[in-house]
1. Using θ = phi - 60° and the Karplus form 6.51 cos²θ - 1.76 cosθ + 1.60, what ³J(HN,Hα) does each residue of the stretch 136-152 get, whole Hz, x for Gly and Pro?
2. Roughly how many Å² is the accessible area per residue of the chain, as a whole number, for a 1.4 Å probe?
3. If packing is taken as the average count of other Cβ atoms within 10 Å, what order do 36-45, 131-140, 2-11 fall into, highest mean first?
4. How long is the gain from residue 123 to residue 1 if the chain were fully straight, where each residue apart is worth 0.36 nm and the alpha carbon distance is subtracted?
5. Please identify, among 89, 103, 71, the residue showing maximal mean-square fluctuation in a Gaussian network model of the chain using a 10 angstrom Cα cutoff.
6. Pulled fully out, how much extra length does the chain show between residue 58 and residue 82, if you take 0.36 nm times their separation in residues and subtract their Cα-Cα distance?
7. Given the Cα-Cα distance of residue 47 and residue 26 and 0.36 nm per residue of separation, how much length would full extension add, in nm?
8. Could you list the square roots of 5 times each eigenvalue of the Cα gyration tensor of the chain, that is, the equivalent ellipsoid semi-axes, sorted largest first and rounded to whole Å?
Amino acid sequence: MSQVVGLSVRTTKGCPHLRGVVIDVDRPGEVARKFEHKASASDASEDQLHALGTALNSQLKAHDVVAVVIREAGYSRMSAKAHASMKKRLRGEGVALSQARRRTENVIVSDINALAKLCEMSSKDLEAAAESMCGGDWREATSSALAAQRIV
């Protein structure tokens, strides 16, 4: 059975934090499974990124992935501390992109506005649909999975 995957990368307590949502192509209204990986704060930055990539590779291997969408975060003015967090998030998104491309060429990295446009709805409606499927903590990865269905 073919699946699409939606991913989001954030930083939690200064470490990359990946969430993924898998939806079966044949069952578009249901989440098949969720997964997440939080890097260990005791590891060096490069080891955190390596662990994130290894964990994602293991998750993607378990599925017949036909499309992946990575939801990128928006940008805002930030303090030096937030800037460091953004760097870690961007690096994590790069690792996620690399791993996704190993499984399929059908990969998009985009923000909520572009994903909503792809889904032919407002960003507010896409956020609401995602939240109703998996809850608030999983909203970003779920909205990515919903958009991934559109590129199959």
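1. Each residue of the stretch 136-152 in turn: x, 5, 9, 4, 5, 5, 5, 4, 5, 5, 4, 5, 4, 4, 7, 9, 7 Hz.
2. Details: 7750 Å² over 152 residues.
I get 51 Å² per residue for this part.
3. Numbers: 36-45: 14.3, 131-140: 16.6, 2-11: 24.7.
Put in order of decreasing packing, that is 2-11, 131-140, 36-45.
4. On the way: separation 122, 0.36 × 122 = 43.92 nm, distance 2.91 nm.
So the chain would gain 41.0 nm between residue 123 and residue 1.
5. Fluctuation is largest for 103.
6. Working: separation 24, 0.36 × 24 = 8.64 nm, distance 2.98 nm.
Computed gain between residue 58 and residue 82 is 5.7 nm.
7. On the way: separation 21, 0.36 × 21 = 7.56 nm, distance 3.69 nm.
Full-extension gain reported as 3.9 nm.
8. Details: eigenvalues 113, 68, 32 Å².
Values for the chain, descending: 24, 18, 13 Å.
The values are calculated or read from the model by the stated rules, or taken from the named source; none is laboratory data. Small disclaimer: the values here were computed from a predicted structure and weren't measured. All Cβ positions, glycine included, derive from the backbone under ideal geometry; neighbour counts span all protein chains shown. Surface areas here come from the heavy atoms of the whole protein model, side chains and all, with no ligands, DNA or RNA. Shrake-Rupley method; radii C 1.70, N 1.55, O 1.52, S 1.80 Å.
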